[in-house]
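What follows draws every value from the coordinates through simple rules; no lab data is involved. Because the structure is a prediction, the values reported are computed rather than measured. Positions of Cβ are backbone-derived with ideal geometry, glycine not excepted, and every protein chain shown enters the neighbour counts.
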């Protein structure tokens, strides 16, 4: 690989490790899949991280709409 490609790959891995180990939470106000980690990006979006042993990197990341469980409870009570 070219040095530029190695640098790009290294930076991407460092960012992914930071997000997974330091920013991701097992609990969130957003609805999430069991056994996943979430990084809340803003009030409306979240990054959901799940283990994927068959995947290339061992994890699957997906940006999803943040559906607040609190908001759903308030709607059903009203």
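Assorted remarks:
- Pair list, Cβ < 7 Å and 6+ apart or interchain, from region 6-32 residues that are at negative phi to residues that are part of a helix (DSSP H, G or I): 29/69; 29/70; 31/69
- Top-ranked residue in region 2-14 [being loosely packed, with under 11 Cβ neighbours inside 10 Å and assigned to a helix (DSSP H, G or I); ranked as nearest to the chain's Cα centre (by Cα)]: 14
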